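J.: The structure's right below; bear with me while I get my questions together.
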Amino acid sequence: GVLSDVTENQRSQDELAARNKELMTLYRISEVTLTATSTERAYEEILREVCRATGFAIAVIERHDAHRGRLVVTASWGAPADRIRPEMPVQGTLAGTAVRNVQAIAEFGAANRAEMSDDVLQALGIHAYLAFPMAVGQEVVGALVLAHPSPMEPDRRLVRWAGSLANGVAQFLDRVGTPGSPARERGPIPPVGGGAAAGEPGARALRLFGV
């Protein structure tokens with residue numbers, strides 16, 4: 001009937017709008033990795049864009065230190081810098097599980113999970129927690145973590161396409177290198193020293209760790 005046709009048309013329009021938003025976000029991240037004039041600026045724009053597009057308050061890039069069995073925070077956005085741990089073990093943590101299994105983790109009741117006790121975001125009372133392995137070729141270089149302190153409804157579509165965001169971030173890490181390793185420069189982004197903070201004032205500010 002007419003009502004079902006209208007409903008189907010609205011569903012198609014919503015699907016198209018969502019897909020366009022996803023593509024624009026991926027394009028924006030790709031653009032930033034190629035054109036940003038500094039690593040600090042690139043991290044800020046990438047993580048801010050990820051939070052804007054996904055609706056999550058917090059985004060964290062964690063580098064996989066395979067030799068030490070640790071995930072080391074490279075940059076974060078949206079959380080008070082003094083309440084984030086600089087690193088955590090791969091074993092027994094949600095992001096670590098994503099890295100070890102090379103599979104996304106989606107937990108919408110994270111506050112009740114024992115794995116959060118060793119997480120870098122443990123002090124923030126996180127409820128919604130997504131962790132995506134970041135891979136370059138056959139190597140898992142780390143995890144992209146999205147988190148929110150308030151309960152959120154599970155969104156399977158978001159979980160699927162955010163994995164593509166993680167791949168875009170992984171390519172950026174591959175270009176600029178990681179602490180203690182040479183940068184694989186393919187563009188204008190030079191590594192910056194120190195652990196300076198940048199971005200907007202307050203809890204929304206970016207924090208870089210050892211890049």
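The values are calculated or read from the model by the stated rules, or taken from the named source; none is laboratory data. These numbers come from a predicted model, not from an experiment. Neighbour counts run over all protein chains shown; Cβ positions are idealised from the backbone, glycine included. For the accessible areas, the whole protein counts, side chains as well, though only heavy atoms, and no ligand, DNA or RNA atoms are used. Shrake-Rupley method; radii C 1.70, N 1.55, O 1.52, S 1.80 Å.
J.: Can you find, within region 80-104, the residue that is nearest to residue 149 (Cα to Cα) among those that are in contact with a helix residue (DSSP H, G or I) (Cβ under 6 Å, 6 or more places away or on another chain) and crowded, with 20+ Cβ neighbours inside 10 Å?
T.: 94
J.: Oh, and also: Between a residue in region 119-133 that is more than 13 Å from residue 149 (Cβ to Cβ) and any residue that is crowded, with 24+ Cβ neighbours inside 10 Å and of a type in the set (Asp, Glu), which pairs come within a Cβ distance under 6 Å, given they are 6 or more apart or on different chains?
T.: Final answer for the pair search is none.
J.: Would you tally the residues in region 134-164 being among the small types (Gly, Ala, Ser) and either open to solvent by 70 Å² or more (accessible area, probe 1.4 Å) or part of a helix (DSSP H, G or I) (or both)?
T.: Our first condition is that a residue be among the small types (Gly, Ala, Ser); within region 134-164, this holds for 135, 137, 142-143, 147, 150, 162-164.
So of that shortlist, the ones also either open to solvent by 70 Å² or more (accessible area, probe 1.4 Å) or part of a helix (DSSP H, G or I) (or both) come out as 162-164.
Result for region 134-164: 3.
J.: Is it the case, given these coordinates, that residue 141 is in contact with a strand residue (DSSP E or B) (Cβ under 6 Å, 6 or more places away or on another chain) and either closer than 14 Å to residue 60 by Cβ or not aliphatic (A, V, I, L, M) (or both)?
T.: Here the answer is no, as residue 141 does not meet what is asked.
J.: Since residue 34 meets every condition but one in (1) touching a helix residue (DSSP H, G or I) at 6+ places or on another chain (Cβ under 6 Å); (2) open to solvent by 10 Å² or more (accessible area, probe 1.4 Å), which condition does it not meet?
T.: Residue 34 satisfies every listed condition except (1).
J.: So which residues in region 114-131 are closer than 20 Å to residue 64 by Cβ and open to solvent by less than 10 Å² (accessible area, probe 1.4 Å)?
T.: 119, 120, 121, 129, 130, 131, listed by residue number.
J.: Is it the case, given these coordinates, that residue 79 is hydrophobic (A, V, I, L, M, F, W, C) and under 21 Å from residue 46 (Cα atoms)?
T.: Yes, satisfied.
J.: Anything in region 143-177 that is closer than 16 Å to residue 55 by Cβ and aromatic (Phe, Trp, Tyr)? List them, or say none.
T.: Residue satisfying the conditions is 161 alone.
J.: Right, next: Kindly evaluate residue 27 against the criterion of being farther than 21 Å from residue 122 by Cα and either surrounded by 22 or more Cβ atoms within 10 Å (Cβ to Cβ) or among the β-branched types (Val, Ile, Thr) (or both).
T.: no
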